[in-house]
Structures are given as structure tokens and as C-alpha cells.
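Student: Okay, here's the structure, questions in a sec.
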Amino acid sequence: MVSETESKKHFVLVHGSCHGAWCWYKVKPRLQSAGHRVTVLDLAASGIHPSKIEDLGSLLDYSQPLLKLLASLPPDDKVVLVGHSFAGMNLALALDLFPHKVALAVFLTAFLPDTHHSPSYVLRKFLETIPTDAGWLDTEFSNHGTLRTLLFGPKFLSSKLYQLCSPQDVELAKALMRPASYFVDDLSKANNFSQEGYGSVPRVFITCNEDLTITIEFQHWMIHNAGVKEILEIKDSDHMPMLSKPQELCDALLLVASKHDA
């Protein structure tokens, strides 16, 4: 029989581009109410983190708050690492550096790289699915040397990311969005993610069938490309299941975490 202490998990929830720790406000208390430890954090230049995106040069810079958290964990503390959207890239980097700290990596309608191509491969494939600026609606793009940044606009938010969320959550997002980057130039020059690090940790993908940005077709392409076998679906969810389907997401996270030691 598994003891109560052994059954408790430590979930680390990582937000996607332009967002911050704030986007988990519905999921964090649900996981805590189920008896688990939950850490949410702002990546660099996100949420209330003091950095500015134009001062970051790489995915490594952007990921520092997550990497510092994993480095600080006690030797016997293994986490369930959950990444949403672009945070799939942060997860891949973290797994390469700290595979022994992660019991399970959950990719929530997130970018899912492989170990056979450049880290920028899935990002470039994704950008091909939105080939013109018109597809990004009112998203704002800026160039800072080789760093290209983006800031989701109100129309893009409400119609492509948050279309099944409440008006209140849309307004919250409009108020708290910060510019971000996909770091494509940096990642195109980086070494492949390794099989010994990133590829060695159990990975689960959670699909969202009403995602209008990282479409269900592209989600399944990434799953096949990366060879991930464990898949769950949150039905009738847009790109933001933590806001539009928080209980269903909580249930899915508890289910997959229960199958892996942490």
C-alpha cells in the first residue's frame, strides 16, 4: 500500500509565451486541495519578473527561474513538470540539464521537440502553419538585433487563444500580457536535445481539440514526430485549458502523475 506521504506529488507549472505564473490561478488551488505541493513561477521577463525580453539572448536566459528552482531541490525531490504552449521548449531544456530531478514531464498543448532535429525544428514547422502576418491578427512583432519578439494582441487573444474562456479571463490576460520570444535564431544554432537527458524522462502529451493556434492536427504531428506514447485529451478546450477547463485539467494531471513515481 502506498503511504499518504508517498502519494503526494510536487507539481511545477510553467506558463507559455507572454503569460506568467498568474495563468495557473484556477489549477494551483485544485491541486493543493487534492493534497499536493504546487510551485508556479514566472520565467525571465514574464509576469512580475524584473527582466526585459530584449535583454535576453537565449532560451537558457529565459529559462533561468525554472533551472534555478530545479537546481535547488533536495536530492530526493523529483517533480512533475508541466509546460504549456511554448514552455514545452523550457521543459526540454530543463530535462536535458536535470533529468534526475523530474519524474514526469507533461506537455500541455505545448511545443514538443525531438532529439533528431535542431531544437528550432518544431517551431519552424509551427510558424509554417501561420504563414502570413494576417494570421497573427493584431499580434505585435518587434526586432531587437537577432531577437524577434511578439506580444499577443486583444483580437488574437480573444479569438485564437481564449475563445472558450470567460470574458473576465480575457480581460485579465489583456492586462497582464508581456512581450516574449520564440528564440528561433538561438535555437537554430543549439545542439539537439539529448536522448540521455530530455529523452530519458517519461513524457505525456495532453491535447486540446479546440485549440485554434497549436491545432489538434499539429499537436498530433508533434506527438508522432517525437515518439510520445502516453496521450490524454481535454475535450472542448481552447489553447488555455487551465482557464477554460481547470477541473478537467486538474483531473488529467492527477491521473498521469499517479502512474509515475515522484
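Read-outs throughout are calculated quantities, based only on the coordinates presented, and are distinct from any laboratory measurement. What you see is a predicted model; the values in this text were computed from it and never measured. With ideal geometry, Cβ positions are generated from the backbone for all residues, glycine too; neighbour counts draw on all protein chains shown.
Student: Place a point 7 Å from the Cα of TRP22 along the Cα-to-Cβ direction; which residues of the stretch 39-59 have their backbone N under 11 Å from it?
Tutor: 47-49
Student: Now, a different point. Sorted by average packing, counted as other Cβ atoms within 10 angstrom per residue and highest first, what order do 125-135, 181-191, 235-245 take?
Tutor: Highest mean packing first, the order is 235-245, 181-191, 125-135.
Student: Run the quick spin-label model on LYS189 and GLU217: label points 7 Å from Cα toward the beta carbon, then report their separation in nm to one decimal.
Tutor: 3.5 nm
Student: So, by mean Cβ neighbours within 10 angstrom, what's the order for 148-156, 208-216 with the highest one leading?
Tutor: Going from most to least packed, we get 208-216, 148-156.
Student: If amide H atoms are built 1.01 Å from N in the plane of the peptide, which residues on other chains or at least 5 residues away come under 5 Å of the amide H of SER194?
Tutor: GLY199
Student: Next up: If the cut-off is 19 Å between C-alpha atoms, which lysines fall inside it for LYS174, apart from same-chain ones fewer than 8 positions away?
Tutor: Counting by Cα, and skipping residues close in sequence, LYS174 has these lysines nearby: LYS26, LYS52, LYS155, LYS160.
Student: Specify the residue with the greatest mean-square fluctuation among VAL228, VAL79, VAL102, computed from a Gaussian network of the chain linking alpha-carbon atoms under 10 Å apart.
Tutor: Looking only at VAL228, VAL79, VAL102, the biggest GNM fluctuation is shown by VAL228.
Student: What translational diffusion coefficient, in µm²/s and rounded to a whole number, does the Stokes-Einstein relation yield for the stretch 10-149 at 4 °C and a viscosity of 1.567 mPa s, taking the hydrodynamic radius as the Kirkwood radius over Cα pairs?
Tutor: Rounded to a whole number, D works out at 80 µm²/s.
Student: Quickly work out the SER166-to-TYR121 label distance, labels modelled 7 Å from Cα along the C-beta direction, and quote it in nm with one decimal.
Tutor: Each label point is offset 7 Å from its Cα along the Cβ direction, giving 4.2 nm.
Student: Further question on the same structure: Can you work out the Karplus-derived ³J(HN,Hα) for every residue in the stretch 158-166? Use 6.51 cos²θ - 1.76 cosθ + 1.60 with θ = phi - 60°, whole Hz, and x for glycine or proline.
Tutor: After applying 6.51 cos²θ - 1.76 cosθ + 1.60, I find 6, 9, 10, 10, 10, 5, 10, 8, 6 Hz.
Student: Now for a different question. Straight-line reach only, C-alpha to C-alpha below 16 angstrom: list the lysines that LYS9 could link to, leaving out same-chain residues fewer than 8 apart.
Tutor: LYS28, LYS78, LYS101, LYS259
Student: Rounded to the nearest 20 Debye, what is the dipole magnitude of the stretch 1-131 about its Cα centre when Lys and Arg each give +1 and Asp and Glu each give -1 at the C-beta?
Tutor: Result for the stretch 1-131 is approximately 360 debye, rounded to the nearest 20.
Student: Please report the projected area of the stretch 4-258's Cα convex hull averaged over all directions, in nm².
Tutor: Value for the stretch 4-258: 12.4 nm².
Student: Residues of the stretch 161-194 with the amide nitrogen closer than 17 Å to a label point 7 Å from the Cα of ALA134, along Cα-to-Cβ, please.
Tutor: No residue qualifies, since no backbone N sits under 17 Å from the label point.
Student: Could you check the spin-label model distance between LYS229 and SER159? Points 7 Å from the Cα along Cα→Cβ, value in nm.
Tutor: About 4.3 nm, to one decimal.
Student: For n ≥ 4 DSSP H runs only, could you compute -39500 (n - 2.57) per run for the chain, divide by its residues and tell me the 222 nm figure to the nearest 500?
Tutor: -9000 deg cm²/dmol
Student: On to the next question. Give the aspartates and glutamates whose C-alpha is closer than 17 Å to that of LYS8, dropping any in the same chain fewer than 8 places away, or say none.
Tutor: Of all the aspartates and glutamates, those that pass the test against LYS8 - Cα under 17 Å, at least 8 places apart if same chain - are ASP76, ASP77, ASP251, ASP261.
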